[in-house]
Structure formats: structure tokens, C-alpha cells
Amino acid sequence: MNDAAIGVFDSGMGGLTVMRALMARLPQESFVYLGDTARLPYGTKSGDTVTRYAVQAAAALVKRRIKLLVVACNTASGVALGALEEAFAPLPVIDVIAPGAEAALAASPSGPIAVIATEGTVRAGAYVRAIHARALDVEVMSQPCPLFVPLAEEGLIEGEIVDLVIHRYLDEVLAKEPRALVLGCTHYPALKDSIARIAGKGVALVDSAETTARAVEKRLRDGGLLREGPPAPHRFLVTDTPERFARVGEIFLGRAIAPASVELIDLQ
Ligand code: DGL
């Protein structure tokens with residue numbers, strides 16, 4: 001199984017920010033990434049719908065022989081982790097919320113911590129639970145920022161419009177003086193520079209991609225699953241618009257995506 005790929009799944013292309021960190025930390029591994037672009041956004045949908053989509057997406061990756069599943073989508077991590085672990089046991093499943101909570105507490109051990117995420121993640125209370133499971137007394141505040149997703153998908157990551165939207169969502173949160181701000185959605189790291197400028201120097205921005213990559217490395221090492229052979233080419237699966245994925249995905253992955261490596265699939 002060592003030479004099987006690592007499966008990474010997200011509702012769209014935002015999870016490529018997690019894959020970027022994974023590729024940097026585990027350059028010898030090969031990855032198969034699935035972006036459910038036909039059904040994005042997950043963040044505004046019910047927990048039941050997101051769970052059904054997540055199980056279908058994971059099944060498509062399992063069919064392609066993976067040794068570990070990374071749920072790169074915060075919304076799916078927040079509502080579907082248990083269902084995924086149960087449906088595909090004993091496949092190791094790593095989510096982005098537990099590593100994000102740990103990174104937030106490392107940046108601000110006594111809080112307060114602000115979490116920005118999709119409506120679905122905030123509604124599920126996943127970050128609050130994960131932080132309180134590790135530090136019960138830390139104050140956590142949550143704020144959904146739904147417009148950040150289309151802004152990032154459009155490549156609009158700085159400028160007047162972006163600043164206005166950030167102020168609209170974050171002014172009230174920042175007035176409560178959080179010490180750490182968790183970017184609890186795959187797309188938000190694309191706006192990191194603009195958010196950091198508005199949040200100011202006293203607020204540590206926490207991006208779970210790096211800690212997730214560390215958690216994946218540990219799990220592979222502990223399970224004796226690190227790849228031994230030379231890396232195979234990475235593959236990308238999408239449920240809609242492969243050309244757009246290859247073009248815009250570059251913003252999130254930080255490197256070009258060959259259109260020929262993107263395959264259109266149907267999850268129904
Ligand atoms: N991938 C989602 C997340 O991290 C953001 C995009 C969506 O709403 O589907 O929560």
C-alpha cells in the first residue's frame with residue numbers, strides 16, 4: 001500500500017492550499033485530488049447534504065486506491081468526519097479542523113481566538129468544540145464570511161472591494177481583540193495578506209494547511225505507509241469545468257496545473 005496515492009478532497013479548488021502544504025512536506029508522495037466543483041459551495045448547504053456529497057467524493061478516491069484520505073474541506077471536516085471514518089474504515093482519515101485548533105492554541109494559548117469559516121462550519125460548531133476539547137477556558141468567537149469564497153475563486157484577493165468585504169465581516173470581531181484568527185475555510189488563505197493588513201500585527205493568522213500536512217506525515221510514518229518508490233504524477237479529478245480548474249487552481253496550488261492532468265468525473 002506504501003506506493004498508493006494520498007487522496008485529498010474538497011468542495012472545489014480551495015483545498016489545493018492544503019495540497020500545496022502536503023506537496024511541500026511530502027515531496028516523494030503522489031496525490032490524487034478531487035474537487036467537487038459541480039456542487040460547490042458546501043458551506044451554505046445542510047449537514048446531511050454535505051455528508052452525502054463527502055461520502056460520494058471519498059468513494060471515488062477510494063476506488064482509485066488511496067492509502068490515506070485528507071478531508072481538505074473545513075465544512076466537510078466539520079460535519080462528515082465521523083461518517084467518512086465509519087464508511088471507509090480502516091482507511092486513515094485526516095481532517096483540517098483538529099490541526100487548525102492545535103495551531104490556534106499554539107499561536108494563542110490563552111485566547112481569545114476568532115474563527116472565520118463558512119456558515120456550515122460555524123453552525124456545526126466544529127472549531128469551538130475542537131478548541132474547547134484542548135483548552136476549555138479559552139474564549140472562542142466565530143464569524144461566517146461567505147463572500148470570501150467567490151472573491152478567492154475570482155482571483156480577487158486584494159484591493160478596494162476585498163478590503164470593504166473584510167471590514168464588513170471582521171470589524172466587529174476585531175473590536176473584541178482576538179489574539180489569533182483562524183482561517184477556517186480552504187479559500188481564506190488566498191486573502192491572507194489583505195486580512196493580515198486589516199487585522200494588524202497583534203493578531204496571529206492561523207492557517208491549518210501546514211499543521212494538517214504535519215499530521216498526515218505523522219500518520220504515514222506511524223503506520224509505516226511512507227512512499228518508497230519514485231513519485232508518480234499527481235492527478236486531479238473534478239465534477240465540472242476542468243479547464244477552469246486548471247487555470248484558476250494555480251492561484252491556490254502555487255504552481256501550474258497541466259490541463260491534461262485534470263479529469264472530469266461524475267459522482268452520481
Ligand atoms: N471548502 C469549503 C470549506 O473549507 C469552502 C468552499 C465551500 O463552501 O464549499 O469550508
Could you tell me which of the residues Pro242, Pro233 is open to solvent by less than 70 Å² (accessible area, probe 1.4 Å) and under 17 Å from Leu34 (Cβ atoms)?
-> Pro242
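Looking only at residues that are in contact with a Cys (Cβ under 8 Å, 6 or more places away or on another chain) and in a loop (DSSP other than H, G, I, E, B) in the stretch 1-32, which one is nearest to Arg221 (Cα to Cα)?
We begin by selecting, within the stretch 1-32, every residue in contact with a Cys (Cβ under 8 Å, 6 or more places away or on another chain); these are 9-11, 14-15.
From what's left, in a loop (DSSP other than H, G, I, E, B): 11, 14-15.
On the way: Ser11: 28, Gly14: 26, Gly15: 23 Å.
The selected residue is Gly15.
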Filter the stretch 177-189 for residues that are open to solvent by 20 Å² or more (accessible area, probe 1.4 Å) and either more than 18 Å from Thr121 (Cα to Cα) or aromatic (Phe, Trp, Tyr) (or both) and give the result.
-> Glu177, Arg179
Run down Arg20, Arg25, Arg52 and say which single residue is free of Cβ contacts under 8 Å to residues at least 60 places away in the same chain and of a type in the set (D, E, K, R).
-> Arg52
For residues that are of a type in the set (A, V, I, L, M) and closer than 18 Å to Asp95 by Cβ, scanning just the stretch 39-59, find the one that is nearest to the ligand (Cβ to nearest atom).
-> Val50
Expected single match for of a type in the set (A, V, I, L, M), under 22 Å from the mean Cα position of the chain (by Cα) and at pLDDT below 95 among Ala215, Ala196, Ala209, Ala204 is Ala209
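Take the stretch 144-194 and flag every residue that is within 16 Å of the ligand (Cβ to nearest atom), part of a loop (DSSP other than H, G, I, E, B) and more than 14 Å from Ile116 (Cα to Cα). If you could, list the steps in order and put the result at the bottom.
Keep residues of the stretch 144-194 that are within 16 Å of the ligand (Cβ to nearest atom), which gives 144-157, 165, 169, 181-192.
If we keep only those that are part of a loop (DSSP other than H, G, I, E, B) too, we end up with 145-147, 154-157, 184-187.
Answer for the stretch 144-194, where residues must be within 16 Å of the ligand (Cβ to nearest atom), part of a loop (DSSP other than H, G, I, E, B) and more than 14 Å from Ile116 (Cα to Cα): Glu154, Gly155, Leu156, Ile157.
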Return the residue satisfying two criteria in turn: it lies in the stretch 87-123 and is under 15 Å from Gly47 (Cβ atoms) and open to solvent by 30 Å² or more (accessible area, probe 1.4 Å), and of such residues it is nearest to the ligand (Cβ to nearest atom).
-> Glu119
Has the stretch 23-38 got any residue that is farther than 27 Å from Ala114 by Cα, within 16 Å of the ligand (Cβ to nearest atom) and surrounded by fewer than 24 Cβ atoms within 10 Å (Cβ to Cβ)?
-> yes
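The values are calculated or read from the model by the stated rules, or taken from the named source; none is laboratory data. Keep in mind the model is a prediction, meaning the values are calculated, not measured. With ideal geometry, Cβ positions are generated from the backbone for all residues, glycine too; neighbour counts draw on all protein chains shown. Just so you know, the surface numbers come from the protein's heavy atoms only, side chains and all, with ligands and any DNA or RNA stripped out. Shrake-Rupley method; radii C 1.70, N 1.55, O 1.52, S 1.80 Å.
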